[in-house]
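Contents: one structure, followed by commentary.
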Amino acid sequence: MEILFAKEILFELIICIFVKKLQYMSTFTKELSIRWSDLDPNFHMRHSAYYDFGAQHRIEILAQQGLTMKVMQEQHFGPIAFREECVFRKEIHLNDTITISTKIGKMKADASRWTIVHELHNQDGLLCAKITIDGAWMDTKLRKLATPTPAIALDVMNSIPKTDDFILL
């Protein structure tokens, strides 16, 4: 009976570890290094640096999933932004440890249009800022929206984790 009980506990532990690993993998995160050049005259991070960190993280995620700048150049398409907004909640300073996380908040089934959400948290886990960007894919030859969505873009966008309140457009 004790062996059976021990096996049940071990099984529950394995399940817990697996679920935690899935939760960890359910978002793309990166620790940011705040540079002197990211600050403004008030000694906190300047507003445009938030957008720069978001853009860099998006491109890194796409590349990590196989959608590199080279692939986009070869296939003549790239992301285009329609709207980008940052809601500032707490100041970020030079020595803060900041983590950016990225998920998709909204997307059409064909990934032709999407909303990406970035959250920046400090070392205490407090939300410092939330960046929301609405975009699509542009055909760089025609200078118009890409129709249909390139297959690699569809695959990559489907592989990116979604927010808890994700909306299929």
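All of the numbers you see were taken from the coordinates with simple rules; none came from a lab. Bear in mind the structure is a predicted one, so any value in this text is a computation, not a measurement. Cβ placement follows ideal geometry from the backbone for every residue including glycine, while neighbour counts extend to all protein chains displayed.
Annotations
- Between K90 and R46, the contour length at 0.36 nm per residue exceeds the alpha carbon distance by 14.6 nm.
- Paramagnetic reach from A81 (point 7 Å along Cα→Cβ, amide N under 13 Å) across the range 121-140: 131-136
- Net length gained if the chain between T163 and S33 were fully extended (0.36 nm per residue, minus Cα distance): 44.3 nm
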